[in-house]
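The values are calculated or read from the model by the stated rules, or taken from the named source; none is laboratory data. What you see is a predicted model, and the numbers here were worked out from it, not measured in a lab. Every residue, glycine as well, gets a Cβ built from its backbone with ideal geometry; the counts of neighbours run over all protein chains shown. The area values use the complete protein model at the heavy-atom level, side chains included, leaving out ligands, DNA and RNA. Shrake-Rupley method; radii C 1.70, N 1.55, O 1.52, S 1.80 Å.
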Amino acid sequence: MSKRIGIFGGSFDPITFGHIDIIERGLKLVDELVLAIGNQHHKSAIFTAKERAVLIADCIKSDKLKIVTFDGLLVDEAKRCGANFLLRSLRNNQDFEYEKSMAAFNFDMAGIETINLFAAPQYSHISSSLVRQIAKLDGDVAKFVPQIIITSLKSKLN
Ligand code: ADP
């Protein structure tokens, strides 16, 4: 039987406990999970895609997890990796509307399905953008990200 490969695309700037929960749950559904970090650099970014990849590899140890950085469309990266489906997750209604239309676009463009997991209630308020804002204002983000991310945020921002 062919390998079941999922691809989880996103910015992960930085990875949070919410992402980690989705990755750990996603890993149970596949033979291989590709974590695809977009190379697009936005204004509020803290880490480069390469730095995020190293941090994620430090946070999650699994033989089934493959971490890549990519340019361009996620569906093209999915094809390159031989992925059978896209993995995403839903925190709230806002995510629902966005993810619903992303899933439809991606299906139209590449005929690839999206599987959305619901965010765990204890993490559903966490977003990387708020973590970045709090960290830039020297706030405590220990409830939202692993210690290694805190250390790296401190050395980047100081
Ligand atoms: P993007 O820039 O594509 O939104 P993110 O890295 O912010 O990338 O998010 C990637 C995916 O992770 C999205 O499906 C998003 O809903 C999900 N996600 C983000 N934060 C959480 C969280 N706290 N709990 C569960 N899923 C999350």
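Scanning the range 33-51 for residues being surrounded by 19 or more Cβ atoms within 10 Å (Cβ to Cβ) and more than 9 Å from the ligand (Cβ to nearest atom) gives a total of 6.
Listed here are the residues, each with its yes/no results for (1) of a type outside the set (A, V, I, L, M, F, W, C); (2) surrounded by 14 or more Cβ atoms within 10 Å (Cβ to Cβ); (3) at pLDDT 95 or above.
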position	(1), (2), (3)
T69	yes, yes, yes
G82	yes, no, yes
D95	yes, yes, yes
A110	no, yes, yes
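Please work out which residue is farthest from the chain's Cα centre (by Cα), limiting yourself to the range 42-83 and to residues that are acidic (D, E) and farther than 16 Å from E32 by Cβ. By that ranking, first place goes to D76. If you go through the range 1-19 and keep only what is within 10 Å of the ligand (Cβ to nearest atom), open to solvent by less than 20 Å² (accessible area, probe 1.4 Å) and of a type in the set (A, V, I, L, M, F, W, C), you end up with F8, F12, I15.
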